[in-house]
Amino acid sequence: MLVALMAAPTLARASTATLERLVDDNAQEESDARSVGEMTPDELRLLINQAVSDELAPLRHQWRQREEQLRWTDWLGALGWIVGLSSAAYMLAKRNAAVAAAIQREEEAESDEELIEVEERTVRPWSQLGESEQLALREAYGRWMDDNPGSTGCDPMRKEQQFAQWLADRGIVWRPGA
């Protein structure tokens, strides 16, 4: 009984039930043990340490189990983050691919419309245009040249080629010198 009372300061966090159980265990072993007065301080310290370690062993075991659970929880939490971020990145990439495909389809549809418009245009030779039409086209080209200075430089051949291209864009065939 004295052993349990001496162990009490060491087991400051132990419950009253735990201390009562220690006293009962000690009382049952009293017939086998020597009296406390006959024990040396080293034997008494050893007996107290044994009682404390007997009480702490299950607590240490519970603590190790809890640490192991926390380790698994940490790993599972990290794995959850990795899976979550990977899923979000995959969804974002899939969405971006869908948007890019929609934009490409839209551009293809616009280019198809332009091709249809080009195919429907009638091509007329320059010589079949009246003088008023030729004059209007030359003036329109002059305004275009004013809006785009430096596009041809001073080369007259380049200017003729650019004028021919400008007319071709409008469905008119012109040959230099015509």
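Rule-based calculations on the coordinates, nothing more; no lab input. A quick note: this is a predicted structure, and the numbers were derived from the prediction, not measured. Counting neighbours? That spans all protein chains shown, and the Cβs are built from the backbone with ideal geometry, glycine included.
With label points built 7 Å along Cα→Cβ from the Cα atoms of Glu107 and Leu79, find their separation and express it in nm.
4.3
Tell me which residues come under 5 Å, amide H to amide H, from Val173 once H is placed; ignore anything under 5 positions away on its chain.
The list, which skips near neighbours in sequence, is Arg124, Trp126.
Residues with beta-carbon under 14 Å from that of Asp146, excluding Asp146: net charge, scoring Lys, Arg +1 and Asp, Glu -1?
In short, +1.
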